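Take a look at the structure set out below.
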Amino acid sequence: MSEYLIELKNISKRFGGVRALDGVSLAIRPGEIHCLAGENGSGKSTIIKVMSGIYTPDEGEIWIDGAPVGSYDPIRAVHSGVQVIYQDFSLFGNLTVAENLAINSFLLEDRKRMDWARARQMAKDVLARLGVKIDIDAEVESLPASGKQLVAIARALLAEARLIIMDEPTTALTGKEVDALFGIVRDLKAQGIATLFVSHKMREMLEISERLTVFRNGRKVAEGPMSEFDEPAIIRAMTGLELEETPYRPDIDMTAVPALEVEGLSVSGLVNNVSLTVRPGEIVGITGPIGSGRTELARALFGMETAAARKFRIFGKDAFPRSVQEAIELGIAYVPEDRLTEGLFLSQSIERNMVVSILDWLRKGLFLDRKAMRSRTEEMFGAMQIAAPSPETPVGFLSGGNAQRVMLGRWLLTGAKILILNGPTVGVDIGSKAKIHQIIRGLAEKEGLAVLMISDDVPELTGNCNRVHVMHEGRMVATFSGDDMTDDNINDSLKALR
């Protein structure tokens with residue numbers, strides 16, 4: 001019996017003139033919890049598609065259970081026990097949990113009709129094996145992200161998975177849900193099922209994984225037991241650089257007129273009596289479990305939610321934005337958490353994505369001032385340090401970090417004085433994350449921008465914010481500043497809410 005469930009030996013893959021993988025090897029043992037790390041473009045997605053049979057390598061071999069395989073395609077991968085759970089979970093939202101779980105098995109059996117009794121029993125059995133309770137008659141689209149993920153895992157088990165590959169599995173999960181997922185992964189390990197985590201989240205890598213493999217520029221640059229790594233070592237391997245950030249602690253004039261001052265803001269059933277102050281040059285953080293009301297608060301401040309408040313002042317003047325247009329006119333900008341569906345036009349160029357917020361200012365009669373449009377775009381293109389051939393590059397071709405910088409640039413073109421960032425580095429790799437932090441700090445310190453940063457990444461908040469508020473059930477329940485603003489204190493506060 002082989003030591004390894006699957007081995008990829010000296011795998012290379014090219015796309016045109018680009019070498020996505022350059023002689024990489026990766027081996028996973030039965031029941032192993034393995035983490036694959038690397039920046040965007042490092043080759044992680046390509047190796048996953050090789051493992052799942054979607055891509056055929058140009059060079060190298062794939063071995064299953066100690067023997068080389070010749071033809072290897074998605075069907076062979078599934079029969080070998082390899083299952084991939086992507087970030088979108090690839091489920092049918094309009095079908096029930098039971099239907100989603102049974103459909104693959106029934107298709108393989110070439111069934112013409114649905115066996116409802118058997119489908120329900122299959123669903124009950126596999127969910128019991130996971131030790132979770134989900135309404136098997138609920139439509140999948142009605143489930144939270146954690147529920148959809150459990151359905152995807154259960155579907156993999158029904159396909160007799162021996163290796164489950166999870167791509168950024170905790171992006172949309174609360175802390176409690178992450179703990180539950182890790183418990184399930186450990187249970188899978190006890191059943192001899194291996195898990196390959198693909199993640200950007202350092203703390204989670206260190207907590208759950210037994211072994212780590214790091215890719216950089218299509219090559220494997222580090223591998224070994226997780227006990228041999230710490231956070232700085234992983235960052236060095238991923239980027240080739242020392243990227244330890246010193247905390248942002250500028251001197252803020254606390255007597256200055258606040259850029260944003262809100263008292264008693266409420267959104268029916270979602271936000272309750274919240275008060276908040278952000279001064280020029282200050283970065284104020286908000287965290288809390290998903291569903292705490294933090295996103296609804298951000299949307300209310302940007303005129304996207306119907307809200308009420310005892311006081312709402314912008315630079316000392318009473319002003320309550322009742323629409324997005326009013327918020328923009330008041331100097332407020334909002335970068336949403338889901339930039340792909342709420343913020344960007346992926347098929348359009350960087351230039352068009354940036355200037356869409358200032359079209360009225362660029363209008364010359366019936367036409368746009370093309371010269372001014374290109375001038376403003378190129379200026380922001382450089383300021384945001386966007387890595388792309390030109391402003392004509394479609395945004396859909398950019399990495400997560402560069403796409404996020406396009407969003408920042410768009411709103412800064414409006415002349416905003418108050419910037420609301422919801423999940424500013426979600427899905428962004430380590431190097432881009434540091435650059436985004438650097439840009440935000442520079443805007444606050446040098447331009448006097450007032451920043452409200454909403455994140456579930458506690459180290460991101462403690463490293464960049466002057467104060468951090470914790471929200472729960474629509475209310476501010478704790479505030480940390482000065483020496484009290486530590487990862488441990490904020491995490492303890494969050495754990496108490498679970």
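Can you name the residue in the range 304-334 that is closer than 26 Å to GLY427 by Cα and buried (at least 21 other Cβ atoms within 10 Å of the Cβ) and, of all such residues, is farthest from the chain's Cα centre (by Cα)?
ILE332
One residue is enough: does the range 387-400 have a residue meeting the conditions at pLDDT below 85, buried (at least 23 other Cβ atoms within 10 Å of the Cβ), out of contact with any Gly (no Cβ under 6 Å at 6 or more places or on another chain) and not in a strand (DSSP E or B)?
no
Only one of these is under 26 Å from PRO232 (Cβ atoms) and either modelled with pLDDT of 95 or more or out of contact with any Lys or Arg (no Cβ under 9 Å at 6 or more places or on another chain) (or both): VAL24, VAL50. Name it. Full working, then the answer.
Values: VAL50 fails: under 26 Å from PRO232 (Cβ atoms).
Answer to the check: VAL24.
Could you grab the pairs with beta carbons closer than 6 Å, sequence gap of 6+ or different chains, first residue in the range 6-24 and assigned by TED's automatic domain parsing to the domain that holds ILE62 and of a type in the set (Lys, Arg), second one surrounded by fewer than 16 Cβ atoms within 10 Å (Cβ to Cβ) and not in a strand (DSSP E or B)?
Between residues of the range 6-24 that are assigned by TED's automatic domain parsing to the domain that holds ILE62 and of a type in the set (Lys, Arg) and residues that are surrounded by fewer than 16 Cβ atoms within 10 Å (Cβ to Cβ) and not in a strand (DSSP E or B), the close pairs are LYS13/ASP58; ARG14/ASP58.
In the same structural domain as VAL151 (by TED's automatic domain parsing), in contact with a helix residue (DSSP H, G or I) (Cβ under 9 Å, 6 or more places away or on another chain) and crowded, with 20+ Cβ neighbours inside 10 Å: is that true of ALA222 in this structure? Steps first, answer last, please.
Details: in the same structural domain as VAL151 (by TED's automatic domain parsing): yes; in contact with a helix residue (DSSP H, G or I) (Cβ under 9 Å, 6 or more places away or on another chain): yes; crowded, with 20+ Cβ neighbours inside 10 Å: no.
Here the answer is no, as ALA222 does not meet what is asked.
Going through the range 225-256 one residue at a time, which ones are touching a helix residue (DSSP H, G or I) at 6+ places or on another chain (Cβ under 7 Å), among the charged types (D, E, K, R) and within 26 Å of SER12 (Cβ to Cβ)?
Listed by number, the list is empty, since nothing qualifies.
Quickly run through the range 4-44 and pick out the residues that are closer than 26 Å to ASP65 by Cα and outside any strand (DSSP E or B).
TYR4, LEU5, ARG29, PRO30, GLY31, GLU32, GLY43, LYS44
Quick grid of which residues meet (1) part of a loop (DSSP other than H, G, I, E, B); (2) more than 22 Å from ALA161 (Cα to Cα); (3) of a type in the set (A, V, I, L, M, F, W, C):
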| site | (1), (2), (3) |
| --- | --- |
| PHE106 | no, no, yes |
| ARG113 | yes, yes, no |
| MET122 | no, no, yes |
| VAL126 | no, no, yes |
| ARG129 | no, no, no |
| GLU141 | no, yes, no |
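Just give me the residues in the range 137-187 being of a type in the set (A, V, I, L, M, F, W, C), buried (at least 21 other Cβ atoms within 10 Å of the Cβ) and touching a Lys or Arg at 6+ places or on another chain (Cβ under 7 Å), in sequence order.
Within the range 137-187, just VAL140 meets the criteria.
If you take the residues of the range 335-364 that are hydrophobic (A, V, I, L, M, F, W, C) and surrounded by fewer than 13 Cβ atoms within 10 Å (Cβ to Cβ), which of them is modelled with the highest pLDDT?
At the first step, the residues of the range 335-364 found to be hydrophobic (A, V, I, L, M, F, W, C) are 335, 340, 344-346, 350, 354-356, 358-359, 361-362.
Filter once more, so that each one left must be surrounded by fewer than 13 Cβ atoms within 10 Å (Cβ to Cβ): 345, 359.
Working: PHE345: 82, LEU359: 79.
Residue satisfying both the conditions and the ranking: PHE345.
Could you list, in sequence order, all residues of the range 69-95 that are without any contact (Cβ under 8 Å) to a residue 40 or more places away in the chain, hydroxyl-bearing (Ser, Thr, Tyr) and in contact with a strand residue (DSSP E or B) (Cβ under 8 Å, 6 or more places away or on another chain)? Reasoning before the result, please.
First, pick out the residues of the range 69-95 that are without any contact (Cβ under 8 Å) to a residue 40 or more places away in the chain: 69-77, 79, 88.
Next cut, hydroxyl-bearing (Ser, Thr, Tyr) only: 71-72.
Answer for the range 69-95, where residues must be without any contact (Cβ under 8 Å) to a residue 40 or more places away in the chain, hydroxyl-bearing (Ser, Thr, Tyr) and in contact with a strand residue (DSSP E or B) (Cβ under 8 Å, 6 or more places away or on another chain): just TYR72.
Residues that are closer than 28 Å to ASP179 by Cβ and touching a strand residue (DSSP E or B) at 6+ places or on another chain (Cβ under 8 Å): list the helices (runs of 4 or more DSSP H) wholly contained in the range 413-498 that include at least 1 such residues.
On the way: elements: 430-447, 458-464, 487-495.
Of the helices (runs of 4 or more DSSP H) lying wholly inside the range 413-498, those with at least 1 residues that are closer than 28 Å to ASP179 by Cβ and touching a strand residue (DSSP E or B) at 6+ places or on another chain (Cβ under 8 Å) span 458-464, 487-495.
Just to check your reading of the model, which residue among LEU265, LEU241 is touching a residue at least 40 places away in the same chain (Cβ under 8 Å) and buried (at least 19 other Cβ atoms within 10 Å of the Cβ)?
That would be LEU265, the only listed residue that is touching a residue at least 40 places away in the same chain (Cβ under 8 Å) and buried (at least 19 other Cβ atoms within 10 Å of the Cβ).
The values are calculated or read from the model by the stated rules, or taken from the named source; none is laboratory data. Bear in mind the structure is a predicted one, so any value in this text is a computation, not a measurement. We place every Cβ from the backbone using ideal geometry, glycine too, and count neighbours over all the protein chains shown.
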